[in-house]
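Beneath this line is the structure, given in structure tokens, with notes to follow.
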Amino acid sequence: MADEPTAAVTAPADTAATAAQAPPAAAELPANEGFEPEIIVFACHYCAYAAADLAGSMRLQYPSNIRMIKLPCTGKLEVIHLLRALEAGADGVYAAGCLEGECHYLKGNLWAKKRVGYVKKLLEEIGVDPGRVEMYNMSSAMGPQFAETARDFTARIRGLGPNPVRPRAGFTAHEVVLKQMGDLAMPDDSASDTPSGS
Ligand code: FES
């Protein structure tokens, strides 16, 4: 995977994926030159994971900083998983679930939204920017929005700088989290965690 992230496609603004909290525009963020964040994405396989596949099929480019963990539903994501991802050294973490009202398990994405909100509060209390964690919703047809969300969140985390918790020597945060998730994480049966064009 290339070190330099790529960004080539701009999705129409009126079709952007919804976010619990809109990320600041990249242009407003200070530059952290040379910093390439590691970002963990907990993606529902019905929507965000499929949207990533679609983005790949459409040859849309998004940053190679994004590392996916495929879940049967974001409702499987617990507070501890989000915290462990940060503890493992991820610079940013987000959950990407189905559009509200379209979760295949009815309320899984709403539970994920609540858990992300709870982690934001916890981070704020300990002096860590809550913007390092986010919740997004999208459908499987939103390949361009998946790519746009990945670019926007990566720009946000670049602006925030490195996670003060450093990754364990010899392991990426993605490797550590994947191992911790065990059977909760679905097998990665596609190349969707490898961004198109990187
Ligand atoms: Fe996609 Fe629940 S099935 S978030």
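The table below lists the values:
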read-out	value
Residues satisfying the stated conditions in segment 168-187, i.e. small (G, A, S), within 18 Å of C73 (Cβ to Cβ) and touching a helix residue (DSSP H, G or I) at 6+ places or on another chain (Cβ under 9 Å)	A185
Check on A52, modelled with pLDDT of 95 or more, among the aliphatic types (A, V, I, L, M), within 16 Å of the ligand (Cβ to nearest atom) and touching a Phe, Trp or Tyr at 6+ places or on another chain (Cβ under 9 Å)	yes
Selection count, segment 100-113, where residues are within 16 Å of the chain's Cα centre (by Cα) and more than 8 Å from the ligand (Cβ to nearest atom)	1
Residue match in segment 165-182 (condition: of a type in the set (A, V, I, L, M), out of contact with any Pro (no Cβ under 9 Å at 6 or more places or on another chain) and buried (at least 24 other Cβ atoms within 10 Å of the Cβ))	yes
Selected residue (only one of A20, A8 is touching a strand residue (DSSP E or B) at 6+ places or on another chain (Cβ under 7 Å) and modelled with pLDDT under 95)	A20
Wholly within segment 99-198, helices (runs of 4 or more DSSP H) carrying at least 3 residues that are within 13 Å of A43 (Cα to Cα) and at pLDDT 95 or above	108-125, 143-160
Candidate set: segment 69-99, residues that are within 14 Å of the ligand (Cβ to nearest atom) and among the aliphatic types (A, V, I, L, M); chosen: the one surrounded by the most Cβ atoms within 10 Å (Cβ to Cβ)	A96
Any hit, segment 56-65, residues being more than 14 Å from the ligand (Cβ to nearest atom), among the aliphatic types (A, V, I, L, M), crowded, with 21+ Cβ neighbours inside 10 Å and over 23 Å from M186 (Cα atoms)	yes
Residues satisfying the stated conditions in segment 60-91, i.e. assigned to a loop (DSSP other than H, G, I, E, B) and over 28 Å from N32 (Cα atoms)	P72, C73, L77, E78
Pairs where the first residue, in segment 78-101, is farther than 15 Å from N65 by Cβ and the second is among the charged types (D, E, K, R) and surrounded by fewer than 23 Cβ atoms within 10 Å (Cβ to Cβ), C-beta under 6 Å, 6+ apart	V79/R115
Enumeration of residues in segment 118-145 that are under 18 Å from R84 (Cβ atoms) and within 16 Å of the ligand (Cβ to nearest atom)	E134, M135
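The values are calculated or read from the model by the stated rules, or taken from the named source; none is laboratory data. These figures come from a predicted structure and were not determined experimentally. Note that each Cβ is placed from the backbone with ideal geometry, even for glycine, and that neighbours are counted across all protein chains shown.
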